[in-house]
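Quick notes on the structure that follows.
FYI, it's all coordinate maths here, none of it is from the lab. Note that the coordinates shown come from a computational prediction; the quantities given were computed from them, not determined experimentally. Positions of Cβ are backbone-derived with ideal geometry, glycine not excepted, and every protein chain shown enters the neighbour counts.
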2 protein chains.
Amino acid sequence: MKNRGLLIIVSAPSGCGKGTILAEILKDKAYHFSVSATTRPPREGEIDGVNYHFISKAEFEDIIEKGGMLEYATYCDNYYGTPKQQVEGMLDKGKNVLLEIEVQGAMQMREICPEGVLIFINPPTISELQRRLKKRGTESDEVINARIEQARKEMKYANEYDYIIVNDRLEKAIKDFKSIIRAEELSTKKNKMKKTEAESC
Amino acid sequence: MKNRGLLIIVSAPSGCGKGTILAEILKDKAYHFSVSATTRPPREGEIDGVNYHFISKAEFEDIIEKGGMLEYATYCDNYYGTPKQQVEGMLDKGKNVLLEIEVQGAMQMREICPEGVLIFINPPTISELQRRLKKRGTESDEVINARIEQARKEMKYANEYDYIIVNDRLEKAIKDFKSIIRAEELSTKKNKMKKTEAESC
C-alpha cells in the first residue's frame, strides 16, 4: 500500500523567491502543485489549469455548497479557493501536494487540516527584500512600499507556521525545503494523528 | 546571541548500524556526543571519558541528590546515567547534543525534556538484522537470538519516538538523520515551547 502524501502549505511575502524554490521542488515527480480555482477572468497570458482553474461564480458556489472547497476567500468580488477533490486524489496516490496560499488561507488550512505542513519563506531582511523588488525594475516606489508594508504584516504570522525558511541563498533554501519534507516523511506524527483524529483532508 | 542547540536522543536495536551513523554525524563540529556516567568498572580497552565517565557510587549518588542526572537507571547493581551539567553547557553553547540511550531511558527523557528530538533507528527487517549479527561472527546463535528478541521488544517503542529512520542503506540513513536535524532547526516548535513551557533541560 502506498503511503499517503504530505499536504504542504507554503506562504511567503512577494519577492522572497518562493516561485523559484517551488519550481525547483516541482521538478521531482513525487510532488503535485495544486492549482487554485478563481472566478476572476484570466489576465493576458494566464492559462486555465496552470495559473488558476478559471470557473464561473455558479460553479464555484456549487462546489462550496457541496463542501468541495478546502478553503476559500473572496477578494474584489471574486472567489479564490482550493478544490478539495484534486488535493485528495493526489494525496491518496502518495503525491506530496504543494499549496501556495496567502497567510489567511494558510491559517484556515491549519484548522481544517492539522496534518498539513505549513512552511513560511522569509526574506533575509526587509532591506534585502526592498533591494530585490527594486532590482526587478517593474514597479513604482509606491507599489514597492505597499508590498514591503504587506510583507511586514505577513511576516508577523511566520511563527504560526511549522517551519520558517530564510531565503538568503537559493540553493540553501531549496535544500532546507527538501530536508523539511524528508523529516516529515520520517516523522511518526502522522501515525499518531491517525489514531487520535480522523483524516480531515 | 547563539541559538541553543538541539538535544537529540537516539535509540536502536543492536546491529542497526547506529554507531556508524553517529560516527558520521559527529564528524561535524556542530555536534557533541554526551558520554554517560556509570559506576561499573571499566572493561579492558575502555577509556574514561570516551566510553563512559567512570565514577564511584558515592559520586554518582551525590550527583543524583543534587538533581544533576537527567535520567539514570540501575542495572546489575550499577548506576548508568546522563549528567545534566555536560548536556546543559553544550546546548547553551549552541551545540547539538547527541545522547545514545536505550528505550527506557529515552522514554524518561521524553517526559523530562519535551523539546528533545527522539530518533529511533530501525533495521530494514528482522531477518536482515539477523543476517548482520551473524555476519559479525563474534557471537553464538544463542546470543544472536537473545539480541533479536531484545530488538523485537525495543522496536515496539519506535512509534513513541518523533522520527523513525530505516537503515537499509547507510548513506540514505545518514542523509535522513541530517534532514531531521535541519528540519528541527527550522521548526518553530522551539519558539512556541519557550512561550508555554519552561526549558527543563
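What dipole magnitude, in Debye to the nearest 20, does segment A:1-139 give about its Cα centre under +1 on Lys/Arg Cβ and -1 on Asp/Glu Cβ?
The calculation lands at about 640 debye.
Given H placed on each backbone N at 1.01 Å, which residues far from residue B:52 in sequence or on other chains put an amide H within less than 5 Å of it?
B:47
Through the Karplus equation 6.51 cos²θ - 1.76 cosθ + 1.60, θ set to phi - 60°, convert the phi angles of segment B:154-162 into ³J(HN,Hα) values in whole Hz; use x for Gly and Pro.
Karplus values, whole Hz, x for Gly and Pro: 5, 5, 5, 8, 3, 5, 7, 7, 6.
Using only DSSP helix segments of four residues or longer, with each worth -39500 (n - 2.57), what per-residue ellipticity at 222 nm results for the protein assembly as shown after dividing by its residue count and rounding to 500?
Per the formula, -13000 deg cm²/dmol.
Please state the charge dipole magnitude for the protein assembly as shown, taken about the Cα centre, from unit charges on C-beta atoms (+1 on K and R, -1 on D and E), reported in debye and rounded to the nearest 20.
Value, rounded to 20: 880 debye.
Compute for the protein assembly as shown: radius of gyration divided by Kirkwood radius, i.e. Rg/Rh, restricted to C-alpha atoms, rounded to two decimals.
1.04
Taking each residue of B:184-190 in turn, how many C-beta atoms of other protein chains fall within 10 Å of its C-beta, and what is the average?
Rounded to a whole number, the mean comes out at 5.
Tally Lys and Arg at +1 and Asp and Glu at -1 over the other residues with C-beta under 11 Å from the C-beta of residue A:144: what net charge comes out?
Residues close to residue A:144 contribute a combined charge of +2.
Please give the average number of partner chain Cβ atoms lying within 10 Å of the Cβ of each residue in A:173-182, rounded to a whole number.
Taking all residues of A:173-182 together, the mean is 4.
Taking the Cα centre of chain B as the origin and placing charges on Cβ (Lys, Arg +1; Asp, Glu -1), which of B:6, B:183, B:72 is farthest toward the positive end of the dipole?
B:183
Can you list the residues, at least 5 places off or on another chain, whose amide H is less than 5 Å from the amide H of residue A:6, using H built in the peptide plane?
A:96, A:97
When you count, for each residue, the other Cβ atoms within 10 Å and take the mean per peptide, how do B:39-50, A:69-80 rank with the highest first?
Top to bottom by mean Cβ count within 10 Å: A:69-80, B:39-50.
Which of the three applies to chain B, rounded, prolate or oblate, going by the alpha-carbon gyration tensor with a ≥ b ≥ c and a/c under 1.5 meaning rounded?
Oblate, because a/c is 1.5 or more while a/b does not exceed b/c.
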